[in-house]
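Trainee: Next up is a structure, given as structure tokens.
The values are calculated or read from the model by the stated rules, or taken from the named source; none is laboratory data. None of these values were measured; they are calculated from a predicted model. Positions of Cβ are backbone-derived with ideal geometry, glycine not excepted, and every protein chain shown enters the neighbour counts. Please note that ligands, DNA and RNA were not included when accessible areas were found on the heavy atoms of the full protein model with its side chains. Shrake-Rupley method; radii C 1.70, N 1.55, O 1.52, S 1.80 Å.
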Amino acid sequence: MKPFIGLLLVLGAAAFSADAAPADRACGTPLQADDGWRTESDARLAGFDAELLCEAAQDFLHSPRNLHGFVVERHGRLVLEAYRAGPDRSTYALWASRTAFDKDQRHDVRSVTKSIVALLWGIAESEGAVPPLSTPVLDLLPALADLRHGGRERITVADMLCMRSGLAWDENGSYSRWDNDEKGLLWRGDRARYVFERPTSTSPGTHFNYNGGLTAVLGLLLEEKTRQDLAEFARQRLFEPLGFQQWEWVADLRGRTRAYTGLRLVPRDLARIGRLMLDGGRWQGRQLVPQAWVRTMLSPCQAGGEYGHHWWHGSVQVRGQRVDWHAAMGNGGQRLFVVPSLDLVAVLTAGEYGDGSVGRVQQHLLHQVVAATLEHAGGPASTPAPAAAAVAQDSPVETRATVRSITEEDGGKRMVVHLKLVPASNLPFTTLRFRVREPALVAGLHAGASVKFRAERIDGENTLVAIRSVPACVRFQPCD
């Protein structure tokens, strides 16, 4: 299927000239703006093969599909930014209108909204405003006491975030279907009753079934427990601290904030959310979202599953290597990808609402971006990743990690150790690769061992200078 998708992306290039970017923007060189973002015009300095990254920008710009925005961020710097004009419509529009998208033009992000609501839940939980995930939801909705039977009484907050409530709910196919269950959320007066009056089709907590109604109820609970409108809570706790300037949360037909959709954001701000996730909930030194909650959201609700707490999981295969990603996704081609192993964010917007095939196009573009990194393009990395750089800058301070593997390369001439940083490092999802120049440093170490280490940048390589075994961290006890 991938070759076919690649063909689709380049077909029609000759007919695209009316919307094509100027020559100096053909490779998606990021735009300078006074919004706090650092930009990098030299792709190689951000760890990319410039020609391969340019090919990704070209495929986006010349695609016959209705794609609108493409932003790539790595190591805290914007590396690629490209926009197009195309038909678009809001959730309430009867027909599409042509829009010229740019860095300041807001875009419907549809169900990406759900993933941001999950962030807000974690913030509220850290403030003691909402109960633990194990709480039965109907315990929090006394007006629905008559529905406490048939298994509904066992549905927990965690089941709602994991989309495994067991409630019968049909959101499959196009959202233009008259009988799509999400439709009722737009006009029903009692949204919680509309969701929970459904019979249970499976036992709560056992089967995934996508259900926007569950997010709608989470939004209602957030408003009740925080005593704030959901949009206002988001503005104070998340959007303003992140520096959002161009955002909107479109209400439903009754003027109520829609937790399951409705956000309109610019791609640059979506990239801020991605950077927040990669940095364990921190933004410019401030902990906006608890680190443990970010870790929870990005962990599958069940082993091997594709869904976490309102965040998706997947991977791309690049030159025989699997590269994992997490994502917030929305109907029509809205994507916020975070790739922890590469410290990379990719944002895509489009207007192909109701067409699931656009997801394969977005996946192909992500594959191109990952394949353009120097780690996967075959070239040597020219700058250290932030995690390694931070270790080098703070060399007197040891960092705790878990040994993932110790291997030999180049016929045994090089020894390499892969370490997984612990959450307390503030880079909880990054696996680091270091050269070991003194084999005695790792003598006796094995995969799974808990260690503390120091590293430096030596002759252009991230190199271990000290490593020692330490007792493993124990849950519920302090761990440095």
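Trainee: Go through Asn172, Ala143, His309 and say which Cα lies farthest out towards the positive end of the charge dipole of the chain; charges sit on Cβ, +1 for Lys and Arg, -1 for Asp and Glu.
Mentor: In the chain, that residue is Ala143.
Trainee: How high is the relative contact order of region 61-122? Use alpha-carbon pairs under 8 Å, at least six apart in sequence, and give a whole percent. Kindly include the intermediate steps, with their values, before the conclusion.
Mentor: On the way: 60 pairs, mean separation 14.2, N = 62.
Computed value for region 61-122: 23 percent relative contact order.
Trainee: Assuming R0 = 30 Å, can you tell me the calculated FRET efficiency for the pair Phe208 and Ala145, based on Cβ-Cβ distance, to the nearest 0.05?
Mentor: Details: r = 28 Å, r/R0 = 0.92.
Given R0 = 30 Å and the Cβ-Cβ separation, E is 0.60.
Trainee: Still on this structure: Starting from the Cα of Ser450, step 7 Å along the direction of its Cβ; do the same at Ser315; then give the gap between the two resulting points in nm.
Mentor: 2.7
Trainee: Just to confirm my numbers, what's the Cα centroid distance between region 73-88 and region 247-313 in Å?
Mentor: Cα centroid to Cα centroid, the span is 19 Å.
Trainee: Output the pairs from Lys420/Lys452; Lys413/Lys452; Lys114/Lys420 with a Cα-Cα distance over 23 Å in this structure; if there are none, say none.
Mentor: Working: Lys420/Lys452 11 Å; Lys413/Lys452 25 Å; Lys114/Lys420 29 Å.
Lys413/Lys452; Lys114/Lys420, as the Cα separations exceed 23 Å there.
Trainee: Based on the Cβ-Cβ distance of Asp170 and Arg98, what FRET efficiency does E = 1/(1 + (r/R0)^6) give at R0 = 35 Å, to the nearest 0.05?
Mentor: Numbers: r = 33 Å, r/R0 = 0.94.
So, using R0 = 35 Å, E works out to roughly 0.60.
Trainee: Counting only protein heavy atoms and using a 1.4 Å probe, what share of the accessible area of the chain belongs to carbon plus sulfur, as a whole percent? Intermediate results must be reported in sequence, preceding the final value.
Mentor: On the way: 10370 of 20290 Å².
Reported share for carbon and sulfur atoms: 51 percent.
Trainee: Still on this model: Along the charge dipole of the chain, pointing to its positive end and built from +1/-1 on Cβ of Lys, Arg, Asp and Glu, which listed residue (Ala455, Gly189, Thr206) has its Cα farthest out?
Mentor: Thr206
Trainee: Place +1 on the Cβ of every Lys and Arg and -1 on the Cβ of every Asp and Glu in the chain, take the dipole about the Cα centre, and give the residue among Val117, Leu421, Ala56 whose Cα lies farthest towards its positive end.
Mentor: Going by the Cα projections, it comes out as Leu421.
Trainee: Would you work out the charge dipole size for the chain about its Cα centre, treating the Cβ of every Lys and Arg as +1 and the Cβ of every Asp and Glu as -1, and quote it to the nearest 20 debye?
Mentor: With Lys and Arg at +1 and Asp and Glu at -1, about 660 debye.
Trainee: Still on this structure, I have one more. Roughly what would the spin-label model give for Arg227 and Arg414, points 7 Å off Cα along C-beta, in nm?
Mentor: It is 6.0 nm.
Trainee: While we're looking at this one, here's another question. Show me the ranking of peptides 432-445, 265-278 by mean Cβ neighbours inside 10 Å, starting with the highest. Before the final figure, lay out each step's value.
Mentor: On the way: 432-445: 15.1, 265-278: 24.4.
Averaged packing, sorted descending, gives the order 265-278, 432-445.
Trainee: If the chain between Ser357 and Gln236 were fully stretched, how many nm would it gain, using 0.36 nm times the residue separation less the Cα-Cα distance? Present the calculation step by step, with values, prior to reporting the outcome.
Mentor: Details: separation 121, 0.36 × 121 = 43.56 nm, distance 3.66 nm.
Using 0.36 nm per residue and subtracting the Cα-Cα distance, I get 39.9 nm.
Trainee: For a test of the definition: using alpha carbon positions, the gyration tensor, and the 1.5 limit on a/c, classify the chain as rounded, prolate or oblate. Display every interim value, and only then the final one.
Mentor: On the way: a/c = 1.95, a/b = 1.23, b/c = 1.58.
Taking the square roots of the gyration eigenvalues as a ≥ b ≥ c, the chain is oblate.
Trainee: Still on this structure, I have one more. With Cβ to Cβ distances under 10 Å as the rule, what net charge do the other residues near Val358 carry (K, R +1; D, E -1)?
Mentor: Numbers: positive: Arg65, Arg335, Arg360; negative: Glu352, Asp355.
Its environment carries a net charge of +1.
Trainee: When ligands, DNA and RNA are left out and all protein chains stay put, how many square angstrom of accessible area per residue does the chain have with a 1.4 Å probe? List each step's numbers first, then the result.
Mentor: Details: 20290 Å² over 480 residues.
Heavy-atom SASA per residue in the chain reads 42 Å².
Trainee: Let me ask something else. What is region 280-367 by shape, rounded, prolate or oblate, if you read a ≥ b ≥ c off the alpha carbon gyration tensor as root eigenvalues and call it rounded for a/c under 1.5, prolate for a/b larger than b/c, and oblate otherwise? Walk me through the numbers on the way to the answer.
Mentor: Details: a/c = 1.62, a/b = 1.42, b/c = 1.14.
Prolate.
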